[in-house]
1. Look at Arg152 and say whether it is of a type in the set (Lys, Arg) and away from ligand 2 (no atom under 16 Å from the Cβ).
2. Which one of Ile108, Ile135, Ile158, Ile84 is within 16 Å of ligand 2 (Cβ to nearest atom) and open to solvent by less than 20 Å² (accessible area, probe 1.4 Å)?
3. Write out, first by first residue and then by second, each pair whose Cβ atoms fall under 7 Å of each other, whose residues are 6+ apart or on separate chains, and whose first residue, in segment 76-92, is farther than 10 Å from His21 by Cβ while the second is acidic (Asp, Glu).
4. Between a residue in segment 1-22 that is within 15 Å of Leu83 (Cα to Cα) and any residue that is among the polar types (S, T, N, Q) and in a loop (DSSP other than H, G, I, E, B), which pairs come within a Cβ distance under 8 Å, given they are 6 or more apart or on different chains?
5. What residue, among those in segment 132-153 that are of a type in the set (A, V, I, L, M, F, W, C) and in contact with a Phe, Trp or Tyr (Cβ under 9 Å, 6 or more places away or on another chain), is nearest to Leu215 (Cα to Cα)?
6. The conditions are (1) more than 18 Å from Glu106 (Cα to Cα); (2) in contact with a helix residue (DSSP H, G or I) (Cβ under 9 Å, 6 or more places away or on another chain); (3) open to solvent by 10 Å² or more (accessible area, probe 1.4 Å); (4) modelled with pLDDT of 95 or more, and Glu169 fails exactly one of them. Which is it?
7. Would you check if Ala144 is small (Gly, Ala, Ser) and either in contact (Cβ under 8 Å) with a residue 40 or more places away in the chain or over 21 Å from Asp16 (Cα atoms) (or both)?
8. Of the conditions (1) charged (D, E, K, R); (2) open to solvent by less than 80 Å² (accessible area, probe 1.4 Å); (3) away from ligand 1 (no atom under 16 Å from the Cβ); (4) out of contact with any Pro (no Cβ under 9 Å at 6 or more places or on another chain), Asp203 satisfies every one except a single condition; which number is it?
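The values are calculated or read from the model by the stated rules, or taken from the named source; none is laboratory data. Just so we're clear, the structure is a prediction, and the values are computed from it rather than from any experiment. Cβ: placed from backbone, ideal geometry, glycine included. Neighbour counts: every protein chain shown. Only protein heavy atoms, including side chains, enter the accessible area calculation; ligands, DNA and RNA are left aside. Shrake-Rupley method; radii C 1.70, N 1.55, O 1.52, S 1.80 Å.
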Amino acid sequence: MTSKGFIFDLDGVIVDTAKYHFMAWKRLAELLGIGFSNELIEQFKGVSRVRCLEILLLNSNYEFTSYEFEKWLVEKNKIYLELISRVDETVILPGVMNVMNFLRSESIPMAIGSASKNAKRILSQVGIDTFFDAIVDGNVVSEAKPDPEVFRIAAEQIRMDSKDCIVFEDSMAGIEAANRAGMTSIAIGKSNKLSKAHYRFNDFTEIQINFINQLIQKI
Ligand code: BG6
Ligand code: MG
């Protein structure tokens, strides 16, 4: 029996879908005639749909009602679902399956800890839902990352202490959430904004099975 569990963020870690979220927000901003800057990319990563819209509207001086706010959330999701409607296993990021297959071969518990309400749909569309012992997503949590709730629930569901969980994340909010949960955080990505993670790799192809083994055996 192992004493470690691995929790994966979904968008930008397992699958290359962060770009579709971003494209959908950009399109919504165009529809609303709101300015949109590429600097929002990092800010949108890992945070809930509601929070993304709040950030988008923050500097717009746009007057809106709560009805419109809800309508735009639905509209963004409609655009996003259209963009991902035909994605398949080719959106799985390089090197991820190598690590996931190894963990599965060692019977090590794996969970998803994602802010997305579309996590289950994507996992089954891509054909990897059966790898996970728990899927904790935006439908489950009441507090969005950087709050640690999503990872704490995931740890509970795979019956692991927080200190024995290792989290893969591509967002600042997610790294903060993992650190606040008392877990080992591994950043995936090139951004210097990920420096608060315990480890950082540009992508999964840089992660050696030896490194994973060391994490598993660490006391
Ligand atoms: C996260 C993405 O995984 O999910 C965020 O990094 C996104 O950019 C969030 O806003 C919520 O996703 P969804 O699918 O519920 O709109
Ligand atoms: Mg992510």
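1. Yes: the conditions hold for Arg152.
2. From the options Ile108, Ile135, Ile158, Ile84, the qualifying one is Ile84.
3. Val91/Asp16
4. Taking only residues 6 or more apart or on different chains, the pairs are Asp11/Thr17; Asp11/Ser114; Asp11/Ser116.
5. So, considering only residues that are of a type in the set (A, V, I, L, M, F, W, C) and in contact with a Phe, Trp or Tyr (Cβ under 9 Å, 6 or more places away or on another chain), the one nearest to Leu215 (Cα to Cα) is Phe132.
6. Failing condition for Glu169: (3).
7. Numbers: small (Gly, Ala, Ser): yes; either in contact (Cβ under 8 Å) with a residue 40 or more places away in the chain or over 21 Å from Asp16 (Cα atoms) (or both): yes.
For Ala144, the condition - small (Gly, Ala, Ser) and either in contact (Cβ under 8 Å) with a residue 40 or more places away in the chain or over 21 Å from Asp16 (Cα atoms) (or both) - is met.
8. Unmet condition: (4).
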